[in-house]
1. What ³J(HN,Hα) values, in whole Hz, does the Karplus curve 6.51 cos²θ - 1.76 cosθ + 1.60 give for the range 19-28 when θ = phi - 60°, with x put for Gly and Pro?
2. Rg to Rh ratio, the range 1-43, alpha-carbon atoms and Kirkwood radius?
3. Which shape class applies to the range 221-365: rounded if a/c is under 1.5, otherwise prolate when a/b exceeds b/c and oblate if not, where a ≥ b ≥ c are the square roots of the Cα gyration tensor eigenvalues?
4. Can you tell me, using C-alpha contacts under 8 Å and at least 6 residues apart, the relative contact order of the chain as a whole percent?
5. Taking the chain, how many lysine pairs are there with alpha carbons less than 15 Å apart, if each pair must be eight or more places apart or span two chains?
6. Mind ranking 244-252, 211-219, 93-101 by how tightly packed they are, going by the mean number of other C-beta atoms within 10 angstrom, highest first?
7. Counting only residues 5 or more places away or on other chains, whose amide H sits under 5 Å from the amide H of residue 62 once H atoms are built in the peptide plane?
8. Please turn the phi angles of the range 141-158 into ³J(HN,Hα) values with the Karplus equation 6.51 cos²θ - 1.76 cosθ + 1.60 (θ = phi - 60°), one per residue in order, whole Hz, x for glycine and proline.
Amino acid sequence: MNLELSGEQQAVRDLARDFVEREISPHAVDWDRSESVDRSIVKKLGSVGFLGLTIDEEYGGSGGDHLAYCLVTEELGRGDSSVRGIVSVSLGLVAKTIAAWGGEEQKRRWLPRLTAGEALGCFGLTEPGTGSDAGNLTTRAVRDGGDYVINGSKMFITNGTWADVVLLFARTNDTPGHRGVSAFLVPADTPGLTRRTIRGKLGLRGQATAELVLEDVRVPADALLGPEGKGFSIAMSALAKGRMSVAAGCVGIARAALEAAVGYAGEREQFGRPIASYQLVQELISDTAVDVDAARLLTWRVADLVDRGEDFATAASKAKLFASEAAVRAANNALQVFGGYGYIDEYPVGKLLRDARVMTLYEGTSQIQKLIIGRALTGVSAF
Ligand code: FAD
């Protein structure tokens with residue numbers, strides 16, 4: 001694995017760093033307090049190409065490899081995890097899945113708008129009764145002539161209230177033992193689809209997370225993405241790449257925590273000396289520095305495997321597991337360095353901890369990542 005960045009990769013990272021400094025960091029605290037990013041950020045992300053990374057230029061994408069995608073995601077995660085998540089879902093889970101599984105017409109219809117930030121996508125898998133056990137979802141799509149009629153509900157859907165298209169997973173076959181799940185591209189303005197924003201989240205407060213309810217939602221048969229019955233595999237392959245993106249975002253959180261801790265430790269004096277001079281404070285900082293490097297290397301390893309067309313699913317689970325837990329540790333260590341000031345939201349580290357916490361929960365909890373890794377090593381499924 002070549003750890004040196006190409007000129008192109010460095011340029012896109014620098015562009016992302018500059019974008020974050022100008023367009024995100026100055027607003028992140030306000031967006032967190034008001035529970036909403038300024039939605040104009042979506043168009044801005046599209047105009048610099050961050051919503052089209054890895055997607056072919058033919059469909060409006062900005063191309064680039066998966067390492068470049070991780071570099072941008074790390075920078076966005078360092079600036080504001082809410083923005084990072086908007087990109088990881090609309091590009092990482094929705095546009096990339098359409099690019100991988102969509103027919104020509106589906107790609108032409110959705111990709112140029114998604115990559116430009118003129119439309120947002122959301123990924124509708126989780127339901128009120130099925131989270132980790134996503135394969136047992138109960139939303140149902142029944143064939144009716146040339147259409148499918150969909151009924152059910154979805155929970156915790158990132159971008160849910162703002163999205164223009166829902167990549168929706170629904171059951172199309174009830175045969176016992178048959179996964180029978182299919183993927184659909186449902187325009188969000190389809191009659192019968194209602195959305196409710198979930199307020200009061202611990203972190204990622206700038207994002208519109210929603211509950212979706214589908215009552216007799218009628219879509220034409222060409223809304224089906226990929227073959228009927230393949231939906232669960234489509235969801236799992238999307239999530240495997242999604243985990244790489246979450247991991248990269250976590251590296252960004254951990255880096256932000258490290259930078260904040262180092263800065264504060266150098267300024268804050270107690271017992272007549274900067275707290276940076278105390279060994280126990282240095283331990284908090286050095287543990288975090290090791291976590292940042294380790295999480296980044298695991299994440300880049302996934303990007304390298306993806307770009308070389310090799311199997312990356314287990315590596316993605318390892319990266320996501322480690323990086324998400326590392327981000328929580330890093331933010332918690334930084335909060336400790338800040339002492340009481342870390343506990344109030346005038347300082348940045350409390351937000352980092354709140355934003356980091358969900359990373360160990362979504363796109364598969366830490367326990368689920370361990371089961372995926374354990375299954376790959378032992379050949380035995382413990383689900
Ligand atoms: P459960 O599955 O009920 O798990 C509860 C606990 O039980 C966890 O600790 C879990 O690890 C443990 N557990 C469950 N099964 C096992 C097992 N077999 N062995 C050991 N432990 C187990 N979903 C989407 O589809 N799209 C989105 O865009 C999206 N965005 C989200 C955004 C936010 C802010 C949040 C909070 C969630 C989001 N989710 C989304 C849902 C997320 O993926 C689920 O919350 C997650 O998969 C866990 O499911 P659950 O919450 O139902 O917990």
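1. 4, 5, 4, 7, 9, 10, 3, x, 10, 4
2. On the way: Rg = 14.4 Å, Rh = 12.2 Å.
Across the range 1-43, the Cα-based Rg/Rh ratio is 1.18.
3. On the way: a/c = 4.11, a/b = 2.39, b/c = 1.72.
Because a/c hits 1.5 or more and a/b exceeds b/c, the range 221-365 counts as prolate.
4. Working: 747 pairs, mean separation 61.4, N = 383.
Here the relative contact order equals 16 percent.
5. On the way: 96/107; 96/241; 201/351; 241/318; 241/320; 318/370; 320/370.
Taking the chain as the scope, the lysine pair count is 7.
6. Values: 244-252: 31.9, 211-219: 19.0, 93-101: 23.3.
With the highest mean Cβ count within 10 Å placed first, the list reads 244-252, 93-101, 211-219.
7. Those lying under 5 Å, H to H, from residue 62 are 52, 53, 54, 55.
8. Karplus-based 3J(HN,Hα) across the range 141-158 equals 10, 10, 6, 9, x, x, 10, 10, 10, 10, 9, x, 8, 10, 10, 6, 8, 4 Hz.
Since every read-out is calculated from the coordinates, none of them should be taken as a lab result. Note that the coordinates shown come from a computational prediction; the quantities given were computed from them, not determined experimentally. All Cβ positions, even for glycine, are placed from backbone atoms using ideal geometry, and neighbour counts span all protein chains on display.
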